[in-house]
Structure formats: structure tokens, C-alpha cells
Amino acid sequence: MDVFQPLKLHSTVLPNRLLMAPVKTAFATPDGEVTYNHESYYRRRAEGGAAAIIVEPLYIDKMGKEHPKQLGISSYRHIEGLSRLVNAIHEGGSMAVAHLNHGGRAANPKVTGNPPEAPSAVVCQAKGTTPAVMTVERIKNVILGFAGAARRALEAGFDIIEIQFGLGYLIAQFLSPLTNLRSDEYGGSKENRYRFAEEVLTAIREEVGEDPALIARISATEQVEGGPGIDDAIELAGLLEDHGISAVHVVSGSVCDSPPWYFQHMRLPAGKNLDWAGMIKNEVNVPVIAAGRLGAPADIRHALENEIIDVVALGRPLIADPDLPRKMMENRDEDIIQCGACLQGCLVSVKSGKGIRCIINPEVGNESGKLKTADKPKTVVVVGGGPGGIQAAWTANERGHKVILFDKGQLGGTFNLSYLPPGKEMMKRPLTSLIHRIRSSPVDLRLSTEATVDAILAEKPYLVVIATGAKPAELSIPGLENPLTGEEVLTGKKTVGKRVLIIGGGMVGLECAEFLAERDHEVTVVEILDDIARDMEPITKKLTTRNLERLNAGILTGTKICRFKDKTAFILKENEEVSLGEFDSVVAAVGTTPVDGLVSPLREKGINVEVIGDAKAPGQIFDAVRDGFEIALTI
Ligand SMILES: Cc1cc2nc3c(=O)[nH]c(=O)nc-3n(C[C@H](O)[C@H](O)[C@H](O)COP(=O)(O)O)c2cc1C
Ligand code: SF4
């Protein structure tokens, strides 16, 4: 079926087959109330053309709250704010889906003030919390809590209700034999373990009546040894269908035990959720939705046109580009800004509580409608075609300015290196999207062109944006000559010997280490600090270090190289020099130094100059893009 073919879902008709998946935003007040950020963020996503927006998880009971800034539906006090949110989504043109959840053992004790509650006292690995065991009375109470939350969802105006049966949250904890060790009527046999799920669904249906569509979000497999797998998911889907569910929404993983699957990390094999969802679709009669790295238009069409599933849910792809549905409808696939599945912006900023962000979409969390056209068009020169320069140039152009972008090489800057390390191929997608967008804009691109002071002055710019990035910091160690850079390693520009010493255990150092270890080099990383990869997204860090361990790469923290003699590296240990052995190549990955040589000469000529990204201070793609955006808003 076609992406834009409507779908009848119980008593509702979805105008197309694209939904937004539930993604925490960390925008709520401490009481779980809706904020202005919620309204503008979700309105913007609805305007992009998705049939329905599944709003981030709403905690149905304070004890099930997972994040300090999570939205609530546990009290009638939440209804007013949620109605405003629903209105914003409706105004944007989409239907609104309330996603009901109780975190169980994944709830945050710092938020609830109590240990989390769960069917059994099984520790949550990812969070390190051990829950208290729920009494039968409490179980009945939580079932009523789900039903009450569903009623409040309808009162707030939500069109559809989704219930979280998967991803290792409370209901899934009852389903799994690994987390449900009870011996009463809610544990033991499969029938007993499934009882809580059945009772929640029955209570909700009784409370809301026959009308609203109810969606069940389930994990096709939790990807945990001995835990629920695809056969269990098929059985669960059938049972939920028998109890009146209107659609099944398939994901995989568990919040406590398999976060890379839950968050669909870029390193996992692609397409697995779709395959599993297809297997479930073969066994049920209700529509099947799937989520998980399905943001490429070709993948969406493949999934729907081949009827593998009925609906595609998109989480991060609609964060990176809310207009994805509309662009597909207008046959403008190549204009979509594609998510790179990096988690570096969205997950990191949700976890830190800052509120959701995206490395390539600086408007996330800052949605304020259309970019305001500048009062007076001006000439802006941007020097440097990396992510920050591209963003500054594009935004300034969108605001009506005349923009000239110089780069002495090609577009992309350090972004061109981002997809080269193992498992990061998906990062090529946002890079390609941003380059396509700037190439198809009216920005005057002067590539392979050195931006000399004279060339810049000739344009009579109102403002020059310096986005010239940074170069690898120099390393001064006695006996060390011409170490390799991360770029030279990843691009293969220089030959690397068999035994390699990498100095610096940040992201660049570890990525080079993995890149080389996978190509049969013997790699040792030394880091002066006590911790490595502090600039890496935590799941990526874990997967990278695990792979380095598998590849027998050595990692020495709290270690400083004091000198080299010929090929031998020495460290100081208790004031004694100790040899680390001989190395054929040394890679220096100890940070960067800004390239900002144009700033003073331009300022001396009285030119208005702003410096952004790595040319200002070392940072990540996210910082450069945001700088570029913010500068362009001020012109
Ligand atoms: C930052 C972040 C927070 C998320 N929070 C939730 C959540 O609270 N509940 C949930 O069911 N899924 C959550 N998800 C998972 C998404 O709904 C979705 O299944 C996942 O991102 C894969 O889909 P995608 O590749 O389209 O993003 C979250 C994902 C991200 C990236
Ligand atoms: S931060 Fe990365 S993973 Fe998250 S939406 Fe943006 S591009 Fe996608």
C-alpha cells in the first residue's frame, strides 16, 4: 500500500501511514506539567504532515516516573495542560496519541522519593536500582491507575491511546520470566505472568468504552538471554488482539537490559525491527506499526508498499526533520534532512535534563515558527563549509541575506570524517542532506577557494562568519616526530604501521583505535586522565570500549608518555621510566587548536567578524551547528 493511503484504525481513520514515535523530551515541569516548549515542539512536528503524533510517555502514577522532567497524566491537574498540547497538535494538522506508561523498576527513585516498584526485586542494570516488590493490592491499584489515566487522556482530547507493553517497562516486567519471579496469581506460569497485561487492557477498555483506538507498544524481543523473544511477542500480540487492541506497535529491547536496542543505536544491524514486525503481522489481523531506523524514504516505501507492515513510526527522523512526511508527499525525498542515529543530541540532552536537542536541527527545543525575514537584506560572507558554516550560510540565506561561502576545500569539514569509524556509516546521511540543502540554495559557494582578506573585502560584507574549524593540537614529547593525525588515519592518507600507539583516549582516539584494530593493527591507547571517551555519548562509549576489548586493544588511563627513544615509548611510573615497548606509528589525538587566523586581519580592517564552532572553541558538530544558527538569527 501507498504511504499516503488512509488507514482505518478502529473507529479512527489515519490519513497516511506515518506516525511520530514516543520520545522523551525533558521539557515538563517537575510536576509533570506541559510547558510552552512542548506545545511548540509538537505543533511543529504535526505541521510536518505525520498522520498522528504519539506524545512522549505520560506517567500514569508518580511511582512510575522515569525522568524528572517527564510529562504526567497521573492527576486531573494534568488535564488542562495536556488539552493545550492536544490543541497544538490538532492545529498543526495531526491526531494526538497519548502514550501511557509506568516505568516499574526503571522509575527514578530520586524523582519518586521511593525505591521503584516492580513485580519482583530484580535490579535494573542500566540504572542500578533494585525495586520493591508490589503487593497484590498495589497491583490492583496500578491497574486502576492505567484506567484513570486513559480516561483523563480522553478528557484532554487525545484521539488515540497507546499503552506501553514493551521495552522492559512495568507491564513487560510482569511478562518476562527474568523479572517476574512471583509465585502468586501474577507470576509463575505464562498465563499468570500475562494476567497483569490483560487486566490493564480490560480495565482501560471498560473505562474508555468501545470508541477510541488502543495501540499496544510491544518489544518483538528484549534481546536479553533467557528473556522474551519473537515467539512470545507473537503470542502476546494475539492475546492483546483477543482483548480488543486496535493495533500493535513493534519495537525491541529493554530499558534496563538492552539500551542499544531500545534506542536503535546506529551500530546495530538495520531492519531487524521491521523483520520482526513483519513476522507479527503474519499472525494477527490488526494493523501493525514498526519503529526503528526506518527514516530513509526508500525504507519507508519498501516496508509499506510490500505490505510488510501497515504503518511506520518515526522517532528521531522527525526530530531531525519534522517535514519528512510532507517532503515525501511532494516527491522531494532528497530534501529530507536525514537523522544519523547518533543519539549525541537527542538522548544526551534528554538524559542531562536540558531538554531535547538534535545535532543537525538547531530549531529543536527552540521552535518559534517560521524563520523571521531580516528587516534589511545584507551581504554575509561565511568562511568554512563545515557543519557550522553551512548552517550559518543556509539560515542567513533563508532570512533573506545575500550569502557567499568560501571553503579552501570541499563542503562538510570535519563532518566528512564522522561516518568513517566502524559502525558510524549512518552519519553519512545527515552529511549528505546538509550538503544537498546548501547546494540547492541560492548561497554563492566558492569551493576550493582560499578566503583571503582581499577576496573577502571585495564582497563588502556586513558580517564575516569565521567557521574555519580547528586543527589537531600539537604534541610536544621528547623524541616524538611527526605523529599521525586522526584524519590521516581515518582517510587512509598516510600509511599506518602494525604496532600503533594512540595518545589521547577521547572520541577521536578511540575511534582511530577501533578503526585500526579492526584492520589487524596492534593498538595501545594512552590517556592522561583517569577516564576515557568523556566526550562520547554513553551507549556509543560502551559499545566502542566493548569492541576494543574484543579486539585486544590496550587502554591505559592515568598514563603519560614522557619520551620516545627511536621507536620505544616511555612512561613515568613512581618516578621511574618504564618502557611501553616499540611502536611503528604514533597517532596524536589530544584535542584541537582553533584555526582563526583571519579574525585579527579582518577586524583590523574594521570588518564585523563573528567566530563560531571549533574556530571559537573545541566542541562537537552540535555546538558548531547551533552557533551557526544563532549567529544567523542575529543578522
Ligand atoms: C531520546 C529518546 C528517548 C526515547 N524515549 C522513549 C520512551 O520514553 N518510551 C518509548 O517507548 N520509546 C522511547 N524512545 C524510542 C523511540 O520511540 C523509538 O522507538 C526509537 O527511537 C527508534 O525509532 P527511530 O529510529 O525512528 O528513532 C526514545 C528514543 C529516543 C531517541
Ligand atoms: S541528535 Fe542524532 S540521533 Fe538524535 S535526532 Fe539528531 S541526528 Fe538523529
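The values are calculated or read from the model by the stated rules, or taken from the named source; none is laboratory data. These numbers come from a predicted model, not from an experiment. Using ideal geometry, Cβ is built from the backbone for each residue, glycine included, and neighbour counts are taken over all protein chains shown. Accessible surface areas use protein heavy atoms only, side chains included; no ligands, DNA or RNA. Shrake-Rupley method; radii C 1.70, N 1.55, O 1.52, S 1.80 Å.
Of note:
- Pairs of Cα atoms in the range 74-158 fall into 5 Å distance bins, from 0 up to the last occupied one, in shares of 3, 14, 18, 18, 15, 13, 11, 6, 2 percent.
- Under 5 Å, built H, 5+ apart or other chain: amide partners of Ala220: Val251, Ser252, Gly253
- Among the protein heavy atoms, those of Phe4 account for about 50 Å² of accessible surface (1.4 Å probe, every chain in place).
- Karplus 3J(HN,Hα) series, Hz, for the range 388-403 with 6.51 cos²θ - 1.76 cosθ + 1.60 (x for Gly, Pro): x, x, 4, 5, 4, 5, 5, 5, 4, 5, 4, 7, x, 7, 8, 10
- Take the convex hull of the alpha carbons in the range 465-580; its mean projected area over all directions comes to 8.6 nm².
- Probe 1.4 Å, protein heavy atoms only - accessible area per residue of the range 247-371 in square angstrom: 33
- Heavy-atom surface analysis with a 1.4 Å probe gives the range 193-310 a carbon and sulfur content of 42 percent of its accessible area.
- Electrostatic tally near Ala132: other residues with Cβ closer than 10 Å to its Cβ, Lys and Arg +1, Asp and Glu -1, net +1.
- Tilt relative to the chain, helix 621-634 - C-alpha long axis, 0 to 90 degrees, to 10: 80
- Kirkwood-Stokes translational diffusion coefficient of the range 232-383, alpha-carbon pairs, 20 °C, 1.002 mPa s, µm²/s: 122
- Other-chain or far-sequence residues with amide H under 5 Å of Leu7's (modelled H): Leu14, Asn16
- Rounded percent of accessible protein surface that carbon and sulfur make up, the range 350-412, 1.4 Å probe: 49
- Selection from Ala46, Gly492, Trp261, by position along the positive dipole direction of the chain (Cβ): Gly492
- Distant alpha-carbon pairs in the range 416-530 (separation over 20 angstrom), percent: 58
- Proximity of backbone amide H atoms, modeled 1.01 Å from N, is registered between Leu580 and Ala569, Phe570, Ile571 at under 5 Å, excluding neighbours fewer than 5 places apart on the same chain.
- Accessible area per residue for the range 496-572, computed on protein heavy atoms with a 1.4 Å probe, is 48 Å².
- Accessible-area composition of the range 8-65, carbon plus sulfur, in percent [1.4 Å probe]: 54
- When the alpha carbon gyration tensor of the chain is reduced to an equivalent ellipsoid, its three semi-axes come out at 45, 32, 21 angstrom, largest first.
- Probe 1.4 Å - accessible area at His401, Å² to nearest ten: 10
- Partner aspartates and glutamates for Lys110 [C-alpha distance under 17 Å; skip if fewer than 8 residues away on the same chain]: Asp31, Asp61, Glu66
- Kirkwood-type radius of the range 567-635, with distances r between different C-alpha atoms, in Å: 15.9
- Taking θ as phi - 60° and the Karplus parameters 6.51, -1.76 and 1.60, the scalar couplings of the range 294-307 work out to 10, x, 6, x, 5, 5, 4, 5, 4, 5, 8, 5, 8, 6 Hz in sequence order, x denoting glycine and proline.
- Cα centre as origin, Lys/Arg/Asp/Glu Cβ charges: the range 518-607 dipole, Debye: 280
- Distance from the range 515-534 to the range 536-573 (C-alpha centre basis), Å: 4
- Dipole-positive endmost among Ala617, Leu543, Ile571 within the range 500-635 (Cβ charges, Cα centre): Ala617
- Approximate shape of the range 16-123 as ellipsoid semi-axes (Cα gyration tensor, √5λ), whole Å, largest first: 27, 15, 10
- Positive end of the dipole of the chain (Cβ unit charges, origin at the Cα centre): among Ser433, Ser368, Ser11, the Cα lying farthest that way belongs to Ser368.
- For the range 368-523, the Cβ-based charge dipole about the Cα centre amounts to some 740 debye (Lys, Arg positive; Asp, Glu negative; other atoms uncharged).
- Alpha-carbon spread of the range 205-274, three principal axes, descending order, Å: 42, 23, 22
- Semi-axes of the equivalent ellipsoid for the range 33-186, computed as √(5λ) from the eigenvalues of its C-alpha gyration tensor and ordered from largest down, come to 30, 15, 14 Å.
- Cys residues of the chain counted as unpaired, since no other Cys beta-carbon is under 4.7 Å: Cys339, Cys342, Cys346, Cys358, Cys512, Cys562
- For the chain, share of DSSP beta bridges that run antiparallel, in % to the nearest 5: 20
- Nearby lysines by direct alpha-carbon distance to Lys541 (threshold 21 angstrom, same-chain neighbours under 8 apart not counted): Lys127, Lys351, Lys354, Lys424, Lys428
- Rounded to the nearest 20 debye, the dipole size of the chain about its Cα centre is 1240 debye, using +1 on the Cβ of Lys and Arg and -1 on the Cβ of Asp and Glu.
- Average projection, convex hull of the Cα set of the range 319-407: 7.1 square nanometres.
- Per-peptide average of other Cβ atoms within 10 Å, ordering 373-383, 247-257 highest first: 247-257, 373-383
- In the full protein context, the range 44-125 carries 31 Å² of accessible surface per residue, based on a 1.4 Å probe and ignoring ligands, DNA and RNA.
- A simple rule links phi to the HN-Hα coupling: the Karplus curve 6.51 cos²θ - 1.76 cosθ + 1.60 with θ = phi - 60°, which for the range 320-328 gives 5, 8, x, 8, 3, x, 4, 5, 5 Hz, with x for Gly and Pro.
- Beta bridges per DSSP with both ends in the range 56-207, % antiparallel, nearest 5: 10
- Cα centroid separation, the range 1-75 to the range 380-437 (Å): 31
- Computed with every protein chain present, the accessible area of Lys127 is close to 90 Å² [probe 1.4 Å].
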